[in-house]
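Have a look at the structure below before the remarks.
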Amino acid sequence: MSVKKIVKYGTPSLREKSKEVHKISKKIQILVEDLYDTLYALNGVGLAAPQIGENLRVFVIDVGTDPKTMNPITFINPKILKKEGAINSYEGCLSFPDAYTNVRRYKYVKVKALDIKGRPFILEAKEGSLLARAIQHEFDHLDGILFIDHCRNRFETDKVLSEKGLNPIESDFLIDEKELEEEIINTPQEEDKKVD
Ligand code: ZN
């Protein structure tokens with residue numbers, strides 16, 4: 001359909017809780033098409049509806065790296081059923097142009113959602129995979145949570161944000177994740193792939 005303008009960090013709507021989808025209407029179908037068009041145009045891994053100005057519980061992910069490995073997955077009204085383990089994830093976000101930082105994530109997630117036809121599905125993302133981390137990143141957007149809220153070092157993250165001309169960390173939103181942090185420190189880290 002069309003490539004949409006990305007809502008940038010600092011816009012209040014990015015901090016809002018998004019609403020459930022009650023019907024897979026034409027509007028939702030167009031929203032999903034726009035999410036994919038915008039995601040592919042910007043070479044992202046995932047994109048959530050609030051990032052294109054629609055505060056609805058919808059996001060799309062494609063961890064495929066080229067047209068041959070394309071694997072678009074649409075999540076409508078997602079619920080995280082299970083999360084385990086801890087991992088360092090080097091992430092960015094299309095709402096934060098060119099800013100990357102280390103954040104804490106669960107290693108594994110199991111998620112339930114509806115697809116574009118309204119059919120429920122359950123997906124288990126492999127431990128530490130790009131998909132597992134992308135699901136957590138995009139899911140957070142639906143609750144107004146941003147990746148920097150999970151940052152492992154707020155000073156390092158603030159430095160990156162300022163270098164990219166972005167607003168500093170919103171400290172009220174920082175999430176206390178002592179247990180995750182301890183687990184990350186105590187577990188060997190695998191090779192890291194960027195999420196954005
Ligand atoms: Zn994001």
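Values for this structure:
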{"item": "Condition met for residue 41 (within 22 Å of residue 118 (Cβ to Cβ) and of a type in the set (Gly, Ala, Ser))", "result": "no"}
{"item": "Residue list for segment 139-150, restricted to those being open to solvent by less than 10 Å² (accessible area, probe 1.4 Å) and in contact with a Ser or Thr (Cβ under 9 Å, 6 or more places away or on another chain)", "result": "141, 142, 144, 146, 147, 148"}
{"item": "Positions within segment 14-30 being open to solvent by 30 Å² or more (accessible area, probe 1.4 Å) and in a helix (DSSP H, G or I), in sequence order", "result": "15, 26, 27, 29, 30"}
{"item": "Candidate set from segment 115-127 (those that are open to solvent by less than 50 Å² (accessible area, probe 1.4 Å) and hydrophobic (A, V, I, L, M, F, W, C)); member that is nearest to the ligand (Cβ to nearest atom)", "result": "125"}
{"item": "Residue selected from segment 31-66 under the condition open to solvent by less than 30 Å² (accessible area, probe 1.4 Å) and of a type in the set (Asp, Glu), by the criterion farthest from the ligand (Cβ to nearest atom)", "result": "34"}
{"item": "Condition met for residue 81 (surrounded by 15 or more Cβ atoms within 10 Å (Cβ to Cβ), over 15 Å from the mean Cα position of the chain (by Cα) and away from the ligand (no atom under 16 Å from the Cβ))", "result": "no"}
{"item": "Members of segment 163-182 that are among the charged types (D, E, K, R) and open to solvent by 80 Å² or more (accessible area, probe 1.4 Å)", "result": "163, 164, 172, 176, 178, 179, 182"}
{"item": "Breaking point among (1) away from the ligand (no atom under 13 Å from the Cβ); (2) open to solvent by 30 Å² or more (accessible area, probe 1.4 Å), for residue 97", "result": "(1)"}
{"item": "Options 143, 66, 115; residue that is within 22 Å of residue 5 (Cα to Cα) and among the charged types (D, E, K, R)", "result": "143"}
{"item": "Which numbered condition residue 104 misses (of (1) within 14 Å of the ligand (Cβ to nearest atom); (2) open to solvent by less than 60 Å² (accessible area, probe 1.4 Å); (3) out of contact with any Cys (no Cβ under 6 Å at 6 or more places or on another chain))", "result": "(1)"}
{"item": "Residues located in segment 128-174, provided they are of a type in the set (Lys, Arg) and either away from the ligand (no atom under 15 Å from the Cβ) or under 20 Å from residue 80 (Cα atoms) (or both)", "result": "133, 152, 154, 159"}
{"item": "Within segment 152-162, considering residues that are open to solvent by 10 Å² or more (accessible area, probe 1.4 Å) and touching a residue at least 12 places away in the same chain (Cβ under 8 Å), the one nearest to the chain's Cα centre (by Cα)", "result": "152"}
{"item": "Segment 42-69 residues that are part of a strand (DSSP E or B), paired with ones that are away from the ligand (no atom under 14 Å from the Cβ) and charged (D, E, K, R) (beta carbon under 6 Å, 6 or more apart)", "result": "56/19"}
{"item": "Conditions (1) under 25 Å from residue 100 (Cβ atoms); (2) of a type in the set (Asp, Glu); (3) away from the ligand (no atom under 16 Å from the Cβ); number of the one not met by residue 20", "result": "(1)"}
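The values are calculated or read from the model by the stated rules, or taken from the named source; none is laboratory data. What you see is a predicted model; the values in this text were computed from it and never measured. Don't worry about glycine lacking a Cβ; one is built from the backbone with ideal geometry, like all the others, and counts go over all protein chains shown. Surface accessibility is based on the protein's heavy atoms, side chains included, excluding ligands, DNA and RNA. Shrake-Rupley method; radii C 1.70, N 1.55, O 1.52, S 1.80 Å.
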